[in-house]
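The structure under discussion appears below in the form of structure tokens.
Values in this text are rule-based calculations from the coordinates and carry no lab data. These numbers come from a predicted model, not from an experiment. FYI the Cβ positions are ideal-geometry reconstructions off the backbone, even for glycines, and counts take in every protein chain you see.
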Amino acid sequence: MALRIAITGFLALVVVMGIGRFAFTPQVPLMIRDGELTLTSAGLVAACNYLGYLVGAWDAMRATTRVEWRLHGGVWGAVALTLLSAAANDALLHGLLRFVIGCMSGWGLVLVAAWTNEQLAHHGKPGLSAAVFAGPGAGIAVSGLLALGVQSYGLPAWGGWLVYGVLALILISLIARNLPARGELHRPESAPPPLVLTPGLKKLVWSYSLAGFGYILPATFLSQMAAQRFPGSLFAQFVWPVFGAAAIIGIALGIALRHCMQSNQRLALVLWLQGIGVLAAAVLPGLGGLVTGALLVGGGFLCAVQLSMQYGRELAPAHSRYMAGLLTTGYALGQLVGPVTSSLSTALLHRLEPALWLAGAALFIGGLLVWRRDE
């Protein structure tokens, strides 16, 4: 039973995050090539996605009714809107779709995480929760490999959206009957007392918000940076799959090293390694900088999510769903600032690198905030 829950959560996050949210990244070069976006408008469209993610996460955190409806709506909505993206051909339409998909992703991540954490703890398998968070990385790796096929066959951007949407539909069809039924996510009779934001919780929320800002620029623009530096290069097209594969490896290493140091110290080290990766992508020339960035930022991406959620549960064990929503809301705010910063950087300075320097600094500060454990 526990394994079935973990697999269901894993595949749900493959769809709502790895495909629903992050298939946009390998699609950016195609949409720019096809005249649907520019580099600046791509940043603004990405910001629409993160604004939607903020709205969805905030709503999921506070919802007291129709909670399971939101989870199912988030999962199936991500599938339907990915397919519908094939019909969009300009920045306005893509921005609207990205906003709604962001809402669906916010619902999906918060509620799938809350459901799987609760159920796996109930079945005595809390360690499988970390494996569930490998879902987005697997989705990123698969979507990146599919992007290689899309580009090698010369498909238009709309063809890419159809490929991703069909894959998402197949995956969700496999697990739809395992998703939680009514009453499994909300138990009003056991409502905990109000959450008090202690100094430790405040630092964690700030740290996770900075983590969202720090990682999102390379996560959004690595494929485009590779396409600009190495036009037509096959190696450049592997940067995004490397990001996703590194995310899975990072989760595996996190599980293997879970008894080393405290969770907050592991989180700080992950954020610092991501900061090095962001700066490497901005500063190091050639493919080496991009690959280093993909390995370090990608490798820490899901670890930062999983460790932040774990640390939040340790500080507020009676408020797992609320903490998941609060942290995801802060993360979404950071992600929203990221593309706006990139758009200003490219519009005013005609370069993305200054925005990446700010992102790297944010990750270092985020690590400092959680290095010391405050209750």
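Below is a table of values for the structure above.
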| quantity | calculated |
| --- | --- |
| Estimated FRET transfer efficiency when R0 is 45 angstrom, pair ALA318-LEU287 (beta carbons, to 0.05) | 0.40 |
| Cα long-axis angle, helix 67-84 against the chain (0 to 90 degrees, to the nearest 10) | 10 |
| Dipole in debye (nearest 20) - the chain, about Cα centre, beta carbon charges: Lys, Arg +1; Asp, Glu -1 | 480 |
| Residue list for segment 106-138, given a label point 7 angstrom along the Cα-to-Cβ vector of LEU174 and an amide N cut-off under 17 Å | 131-138 |
| Signed unit charges on C-beta, dipole axis of the chain, positive-most listed residue VAL278, THR38, LEU307 | LEU307 |
| For segment 200-249 versus segment 270-302, the gap between their alpha-carbon centres in whole angstrom | 8 |
| Efficiency of FRET from Cβ geometry, THR64 and TRP206, R₀ 35 Å, rounded to 0.05 | 0.85 |
| Calculated [θ] (222 nm, deg cm²/dmol) that DSSP helices of n ≥ 4 give over the chain, each run adding -39,500 (n - 2.57) | -26500 deg cm²/dmol |
| Lys/Arg +1, Asp/Glu -1 at C-beta; the chain dipole; positive extreme among LEU295, LEU128, GLY212 | LEU128 |
| Dipole-positive endmost among ALA86, GLY232, ALA332 within the chain (Cβ charges, Cα centre) | ALA332 |
| Sites ASN89 and VAL196, calculated FRET efficiency, Cβ-Cβ separation with R0 51 Å, nearest 0.05 | 0.55 |
| Lys, Arg +1 and Asp, Glu -1 on Cβ, resulting dipole of segment 255-375 about Cα centre, debye, nearest 20 | 180 |
| Principal-axis tilt of helix 135-152 within the chain, Cα atoms, nearest 10 degrees | 20 |
| Within segment 135-273: Cβ-based charge dipole about Cα centre, in debye rounded to nearest 20 (Lys, Arg +1; Asp, Glu -1) | 240 |
| From the C-alpha gyration tensor of the chain, square roots of 5λ in Å | 30, 24, 18 |
